[in-house]
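The values are calculated or read from the model by the stated rules, or taken from the named source; none is laboratory data. Not measured: the values here are computed from a predicted model. Note: ideal-geometry Cβ built from the backbone for every residue, glycine included; neighbour counts use all protein chains shown.
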Amino acid sequence: MPTSTTPSSPFAIFGAGFRLIGHFVRARPVPFALAVTGAAIFASGVVLGAVVVGNLTDTVIVPVLDRGERIGNRLLVGLALIVGVSVWKAAGIVLRRSSAGWFQSNSQADVRTRLIEHQLDLRLSWFAKRTTGDLLSVTQSDALQGTGILAPLPYGTGVSLLLVTTVVLVFSIDWVLGLLTLAALAVYVYIDILGAWRIFLQIEDIQKLQGRVSSVAHESFDGALTVKALGREAEETARFGRAVDAHRERLVAIGRLIGSFRTAVDAIPSVSMILVLVVGAIRIRQGFLSAGDLVTITYLLSLLSVPIRLIGYVTWDLASSLAGWQRVQEVLDADDRVGYGPLTAVAEPHGADVHGEEVAFSYDGAEEVLRDVRFRIPPGQTVAVVGPTGSGKSTIALLLARLWDPASGSITIDGRDLRNFARSELPTEVAYVGQSPFLFDDTVAANIALGGRIAFDEIRAAASLAGADGFIARLSAGFDTRVGERGTTLSGGQQQRVALARALARRPRLLVLDDATSAVDPSVEAEILRGLREAELPSTVVMVAYRPASIVLADQVVYVEKGRVVGQGTHQELLESVPGYARLVRAYEEDAAARAGGG
């Protein structure tokens, strides 16, 4: 991959641009080669057309009109040559455009796939530093812009060949007109390079502002419930409007910049054509070239007026693509990857034996959330993790599923450090269900299976164990009912039970529940937990618990306070030996009694 170093000068854009183009060409050489071949065919057709017109001027037009010679079959030969050249050029255009589209579309798909693959390889801590809207903008608009140069690139290559051939041909006819043509092209290219540099500096900021627009929009949509509940529609619209206005102002500024440069470069072909005609007429009178030679040169230059303008656009597209690619490469350069080891999962018919030794953890270098945490969870038991708000309960649950890694210390399953498992191996032994489950816009059955090869009978059994089979049966299409984006057609408790069924369908050896049944009724939660204890599952169950009824059902309780494990034992043992635990449980019981009385 090319690096994301920002070009430091106008001409450095070409160095960075060629490296970027080289990366894509190496990945997809065949469509690029076909597109360039088509461009070369077109370029040769343009030159051949000019030669044919010039030859017809000297062999047909001048002899017939000036000397009165009979036309004979010379007209048919001329028409045949013109038609042949036109067909040749058309074939080149078709080959170039179809291959260039193929090249660009496949390259865009490659970049987006690489972006998603790379981001899913990174730690959750990296995602905490970027907004979802900005990452969506990178994957969509920046990836599109970063590959924007690829479609016009073959045409620019063909035009470059055409320009070189043109200069050589004009020099071969008359060196004075050759120098004049070369000077005009040099001025044109210099202005284009300078304009591309100025545009590049502007587009860098525009891409960042576009990411900001996407971030605000995503937040507004994601938080629609909160916005509407608090009556903040007008304020949220104004916030989005400010982001859009900032983006619009920069777009207007770059539009003015492009307009000023285009005015300058568009004048060059016309001015150079006039100069060529004046100087060419003088050279004819001096006897250095014929009328046919001048017609060849002027016809060729007239045909070049549009391609020359388009090669300028290609140069500016290159600058625009580099600006978009900077943001793509910034993501691809992120190296906060999850490390893996060589261990593979085992298919033991019993729950996992889980140990935590001297575990410490903090989120991105902030104050420690866990300090010197030690615990042991015997295989096959149900353990409740209990503690005050902010004590580190959910963090322990995340570490058990290796969604984060400890800063120091270790967590092991059957003596195997979680960090030593190979990629995708640990999730076959450990399943995590959070308080806010994520459901995909798919059917209930597909959300439970989630791409796994799980028989429908197993899906149904997992749903029954999660207490979800009753409400699923009442849905319009049962297990084939689509749940909508993020499961919006289901209640919070129903979403949690589908997510729990998803975990149970994999028959994990360690099931981690981070307040995963908080949205269901206490009686339903107790029924689910009893079912888990009585089921023939090869699972050790660790649950972050708040309700007294759930805590009582656990075989053991791990009590966490201020980032430390203060006590571990049965519910009754901790009531008698840990004052903080006793106070917290009494508070839970009083709250539950108050809720029951209020109901």
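Below, the figures for the structure above:
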read-out	value
Members of the stretch 94-125 found to be crowded, with 17+ Cβ neighbours inside 10 Å, hydrophobic (A, V, I, L, M, F, W, C) and out of contact with any Pro (no Cβ under 7 Å at 6 or more places or on another chain), listed by number	Leu95, Val111, Leu115
Candidates Asp372, Asp364, filtered to the one that is within 33 Å of the chain's Cα centre (by Cα), more than 30 Å from Thr263 (Cβ to Cβ) and not β-branched (Val, Ile, Thr)	Asp364
Within the stretch 366-393, considering residues that are assigned to a loop (DSSP other than H, G, I, E, B) and of a type in the set (A, V, I, L, M, F, W, C), the one nearest to Tyr588 (Cα to Cα)	Val369
Qualifying positions in the stretch 123-137 - in contact with a helix residue (DSSP H, G or I) (Cβ under 9 Å, 6 or more places away or on another chain) and of a type outside the set (Val, Ile, Thr)	Leu124, Trp126, Phe127, Arg130, Gly133, Asp134, Leu135, Leu136, Ser137
The lone exception for Leu400 - which of (1) crowded, with 22+ Cβ neighbours inside 10 Å; (2) within 19 Å of Ser518 (Cα to Cα) it fails	(2)
Pairs with Cβ under 6 Å, 6+ apart, first in the stretch 82-103 and not assigned by TED's automatic domain parsing to the domain that holds Leu300, second outside any helix (DSSP H, G or I) and of a type outside the set (Lys, Arg)	none
Pick from the stretch 180-210, criterion touching a Lys or Arg at 6+ places or on another chain (Cβ under 7 Å) and not hydrophobic (A, V, I, L, M, F, W, C), ranking: farthest from Gly133 (Cα to Cα)	Gln202
Boolean, Thr181 is in a helix (DSSP H, G or I) and buried (at least 19 other Cβ atoms within 10 Å of the Cβ)	yes
So Ala186, is it at pLDDT 75 or above, over 35 Å from the mean Cα position of the chain (by Cα) and of a type outside the set (Phe, Trp, Tyr)	yes
Leu475 vs. criteria in contact with a Leu (Cβ under 8 Å, 6 or more places away or on another chain) and not β-branched (Val, Ile, Thr)	no
Qualifying position, being at pLDDT 85 or above, under 27 Å from Ser408 (Cβ atoms) and aliphatic (A, V, I, L, M), among Val359, Val328	Val359
Where a residue in the stretch 568-594 is surrounded by 14 or more Cβ atoms within 10 Å (Cβ to Cβ) and its partner, wherever it lies, is of a type in the set (Gly, Ala, Ser) and in a helix (DSSP H, G or I), with Cβ under 9 Å and at least six apart	Gly569/Ser577; Leu574/Ala582; Leu575/Ala582; Ala592/Ala549
Meets criteria (in contact (Cβ under 8 Å) with a residue 24 or more places away in the chain and in contact with a Gly (Cβ under 8 Å, 6 or more places away or on another chain)) for Ala463	no
Residue in the stretch 346-367 that is surrounded by the most Cβ atoms within 10 Å (Cβ to Cβ), counting only those that are within 16 Å of Gly563 (Cβ to Cβ) and small (Gly, Ala, Ser)	Gly356
Subset of the stretch 422-441 (residues that are within 24 Å of the chain's Cα centre (by Cα), surrounded by 17 or more Cβ atoms within 10 Å (Cβ to Cβ) and not hydrophobic (A, V, I, L, M, F, W, C))	Pro437
Sole residue being among the basic types (Lys, Arg), surrounded by 17 or more Cβ atoms within 10 Å (Cβ to Cβ) and either modelled with pLDDT of 90 or more or in contact with an Asp or Glu (Cβ under 9 Å, 6 or more places away or on another chain) (or both), chosen from Arg376, Arg419	Arg419
One residue from Pro522, Pro538, Pro548 being surrounded by fewer than 24 Cβ atoms within 10 Å (Cβ to Cβ) and either under 40 Å from the mean Cα position of the chain (by Cα) or of a type in the set (Lys, Arg) (or both)	Pro538
